[in-house]
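Visitor: Shown below is the structure under consideration.
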Amino acid sequence: MRRSMLFLPGNTPNMIINGDSLGADSIILDLEDAVSPDEKDSARLLVRSAIREMGFKGVEITVRINAIDTAYWQDDLEAIVPLKPDLIMPPKASSAADMQKLDAYIAKVEEKAGIPVGTVRLIPLIETALGVERAFEIASACPRVTALFLGGEDLTADLRCKRTKAGNEIDYARKRLVCAARAAGIDVYDTPFTDVNDDEGIVIDAEYAKSLGFTGKSAIAPRHVRTINEVFSPSPADIEYAKLVFEAIRIGKLQGKGAVSLRGKMIDKPIVERARQTLEAAKQLGLGGLEDE
C-alpha cells in the first residue's frame with residue numbers, strides 16, 4: 001500500500017543509501033529539480049548504481065526523470081528503465097500525447113533490456129495549469145499510467161499566485177486531480193507540505209488531502225513520513241466499524257432481511273464499498289482485513 005512518497009535528490013548519496021530506512025512506502029529518486037544541469041550525468045549514474053546495488057527492501061522505487069522538452073529524458077530512461085523501477089515520474093505532464101510518447105519509448109527500452117513491456121509504470125506529475133485542465137486525458141492516456149501526482153510549487157508559479165500553507169490557491173487543482181484520477185480508475189497523490197518544521201501543519205494538510213480523496217501524500221522531509229502514514233492508514237475505529245458493517249450484513253442475510261441497519265443508519269452500497277476499502281487497506285498493512293468477510 002502506497003501512502004507516503006518521499007523525494008530524495010538524485011545527487012545526494014548519503015540520503016539515497018538510507019532510502020529504505022526512512023519509513024516511506026515509496027522513495028522518489030529525483031533527477032530533475034533537485035539536480036543542476038552540470039550534475040545531470042553524475043546524478044543519473046548515482047541513481048542507477050543505487051537501484052542496482054542497494055536493493056531497497058520493502059520500499060517502492062520511483063524515479064523522477066527530466067521533462068520531455070529537455071535533452072535529458074531519453075538518457076534518463078535508457079539508464080533507469082532496464083533496472084525495473086516501479087514508477088517513472090515525468091514532470092510537467094500536460095497532455096495524453098506526452099504520456100503516449102513516453103509509453104512508446106519506455107516500451108522500446110524494455111524490449112531491448114529483455115523485460116516484459118509494461119513492467120515500468122508512469123505517475124505523471126501535474127504542475128501546470130494546462131496539465132490540471134487535461135488531467136483526465138493524461139490519466140487515461142495509456143495503461144502504463146497508474147496514478148496522478150500534484151506538484152503545487154511549480155503550479156502556483158504557473159498560476160502566478162503565492163504558495164501558502166493554507167493551500168487555498170491549489171484547492172481547485174487538488175479536487176480536479178482527484179476527480180480525474182478516480183474517473184480513470186487510478187490513484188492520486190498530493191503535493192508535499194513544504195514547511196519541514198511545522199509538525200502541526202503537516203497533520204492538517206494531510207488530513208485535508210485525505211478528506212478530498214487522495215490515495216496518499218508526498219514529502220520532502222523524512223520527519224513528515226510518519227504523520228502521512230498515520231493519516232492515510234485506517235484507524236482502529238475505522239477497522240472496527242468496517243467489520244461491524246459486514247457482520248450486520250451477514251446477520252441480516254441469515255434473518256432474511258432485505259434491508260440492514262447499523263447504529264440507526266441503513267447500510268447502503270456506498271457504506272459497504274467504503275467498509276471494503278478500509279478492510280482491504282488494513283489487510284495490506286497487517287492490521288486485519290477481509291479474510292473472514
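The values are calculated or read from the model by the stated rules, or taken from the named source; none is laboratory data. Every value quoted in this text rests on a predicted model; they were computed, and no experiment measured them. Cβ placement follows ideal geometry from the backbone for every residue including glycine, while neighbour counts extend to all protein chains displayed.
Visitor: Do we have any residue at all in the range 28-45 that's part of a loop (DSSP other than H, G, I, E, B), surrounded by fewer than 21 Cβ atoms within 10 Å (Cβ to Cβ) and either at pLDDT 95 or above or not polar (S, T, N, Q) (or both)? Before the answer, list the steps.
Guide: Taking the range 28-45 first, the residues part of a loop (DSSP other than H, G, I, E, B) are 31-36.
Subsequent filtering for residues that are surrounded by fewer than 21 Cβ atoms within 10 Å (Cβ to Cβ) retains 33-34, 36.
Now drop any that are not either at pLDDT 95 or above or not polar (S, T, N, Q) (or both), which leaves 33-34.
The answer is yes; a qualifying residue exists.
Visitor: Identify, from the list 114, 131, the residue that is modelled with pLDDT of 95 or more, surrounded by 15 or more Cβ atoms within 10 Å (Cβ to Cβ) and out of contact with any Phe, Trp or Tyr (no Cβ under 7 Å at 6 or more places or on another chain).
Guide: 131
Visitor: I need the full set of residues from the range 9-27 which are in contact (Cβ under 8 Å) with a residue 24 or more places away in the chain, among the aliphatic types (A, V, I, L, M) and not in a loop (DSSP other than H, G, I, E, B), in order please.
Guide: Once the filter is applied, which keeps residues that are in contact (Cβ under 8 Å) with a residue 24 or more places away in the chain, among the aliphatic types (A, V, I, L, M) and not in a loop (DSSP other than H, G, I, E, B), the range 9-27 yields 16, 27.
Visitor: Considering each residue of the range 109-133, count those that are within 17 Å of residue 177 (Cα to Cα) and assigned to a strand (DSSP E or B), and give that number.
Guide: 3
Visitor: Checking residue 96 against (1) without any contact (Cβ under 8 Å) to a residue 60 or more places away in the chain; (2) closer than 22 Å to residue 30 by Cβ: exactly one of these is not met. Which one?
Guide: (2)
Visitor: Assess whether residue 83 counts as being among the aliphatic types (A, V, I, L, M) and surrounded by fewer than 21 Cβ atoms within 10 Å (Cβ to Cβ).
Guide: Yes.
Visitor: Restricting to the range 223-237, what's the tally of residues that are part of a helix (DSSP H, G or I) and surrounded by 17 or more Cβ atoms within 10 Å (Cβ to Cβ)? Before you say what the answer is, go through the steps one by one.
Guide: Residues of the range 223-237 that are part of a helix (DSSP H, G or I), as a first pass: 223-231, 236-237.
Narrowing the set further to residues that are surrounded by 17 or more Cβ atoms within 10 Å (Cβ to Cβ) leaves 224-225, 227-229, 231.
Total meeting the criteria: 6.
Visitor: Kindly check whether there is at least one residue in the range 86-98 that is closer than 22 Å to residue 210 by Cα, assigned to a helix (DSSP H, G or I) and not aliphatic (A, V, I, L, M).
Guide: No, the range 86-98 contains no residue that is closer than 22 Å to residue 210 by Cα, assigned to a helix (DSSP H, G or I) and not aliphatic (A, V, I, L, M).
Visitor: Could you pull out the residue among 158, 171 that is touching a residue at least 12 places away in the same chain (Cβ under 8 Å), surrounded by fewer than 17 Cβ atoms within 10 Å (Cβ to Cβ) and farther than 26 Å from residue 86 by Cβ?
Guide: Among 158, 171, only 158 is touching a residue at least 12 places away in the same chain (Cβ under 8 Å), surrounded by fewer than 17 Cβ atoms within 10 Å (Cβ to Cβ) and farther than 26 Å from residue 86 by Cβ.
Visitor: Being under 12 Å from residue 99 (Cα atoms) and of a type in the set (Asp, Glu) is the filter here; which residues of the range 119-142 pass it?
Guide: Within the range 119-142, just 137 meets the criteria.
Visitor: Which residues, counting only those in the range 221-250, are at pLDDT below 95 and closer than 22 Å to residue 177 by Cβ?
Guide: 233
Visitor: Quick check, is residue 252 assigned to a loop (DSSP other than H, G, I, E, B) and farther than 30 Å from residue 7 by Cα?
Guide: On the way: assigned to a loop (DSSP other than H, G, I, E, B): no; farther than 30 Å from residue 7 by Cα: yes.
No; evaluated as a whole, the condition is false for this residue.
Visitor: Quick one: which of 196, 203 is outside any helix (DSSP H, G or I), of a type in the set (A, V, I, L, M), within 16 Å of residue 4 (Cβ to Cβ) and without any contact (Cβ under 8 Å) to a residue 60 or more places away in the chain?
Guide: Of the residues listed, the single one that is outside any helix (DSSP H, G or I), of a type in the set (A, V, I, L, M), within 16 Å of residue 4 (Cβ to Cβ) and without any contact (Cβ under 8 Å) to a residue 60 or more places away in the chain is 196.
A quick yes/no check of all residues on (1) in contact with a Gly (Cβ under 8 Å, 6 or more places away or on another chain); (2) closer than 23 Å to residue 144 by Cβ:
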| site | (1), (2) |
| --- | --- |
| 174 | yes, no |
| 181 | no, yes |
| 191 | yes, yes |
| 209 | no, no |
| 222 | yes, no |
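Visitor: Residue check, residue 175 against (1) part of a loop (DSSP other than H, G, I, E, B); (2) over 26 Å from residue 78 (Cα atoms); (3) modelled with pLDDT of 95 or more, all met but one. Which one?
Guide: (1)
Visitor: Of the residues 149, 136, which single one is part of a helix (DSSP H, G or I) and of a type in the set (Phe, Trp, Tyr)?
Guide: Just one listed residue meets the conditions, 136.
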